[in-house]
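One structure is given here, and the rest of the page talks about it.
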């Protein structure tokens, strides 16, 4: 690997973490979750993660000769952090679990975003998954904890 390729590989795989298991998406998500659970201001780095991750994912996938290698887990960081930055901290654990479900099932529009080319597609499906996760959790909170159901049933 050339030096830029090595840099891209380390960013895209979180220092090789994506290669350590047969479940790289789950491992990448947990690796993204734990630091922000302990130090939430890390979420401020989301724009940098998105920009650097898109570049690194594109370069790494190109160097590997594959469209979306499973070893690339920087997209899980970006997607989960998107969900976490949009939801209250008390919803962090449900966000992690729901994000994994959305990332595995890839419902529309997540699957449509995945078809975008290169690093953009690698990152976009998880970013859309993070937005979907946040939207679902906030809707559930409104329905069940903030009286949303009462609005429908006149309560």
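With the structure loaded, tell me whether residue 30 is in contact (Cβ under 8 Å) with a residue 12 or more places away in the chain, closer than 15 Å to residue 126 by Cα and part of a helix (DSSP H, G or I) or whether it fails that test.
The answer is yes for residue 30.
Consider only pairs whose beta carbons are under 9 Å apart and that are at least six residues apart or on different chains; among these, list those whose first residue lies in segment 76-92 and is touching a residue at least 24 places away in the same chain (Cβ under 8 Å) and whose second residue is assigned to a loop (DSSP other than H, G, I, E, B) and surrounded by fewer than 24 Cβ atoms within 10 Å (Cβ to Cβ).
Within 9 Å, the pairs are 76/14; 77/14.
Considering each of 95, 83, 8, 32 in turn, give the residue that is at pLDDT 95 or above and more than 30 Å from residue 146 (Cα to Cα).
8
The values are calculated or read from the model by the stated rules, or taken from the named source; none is laboratory data. This is a predicted model, so every value here is computed, not measured. Here the Cβ is made from the backbone with ideal geometry for all residues, glycine too, and neighbour counts use every protein chain on show.
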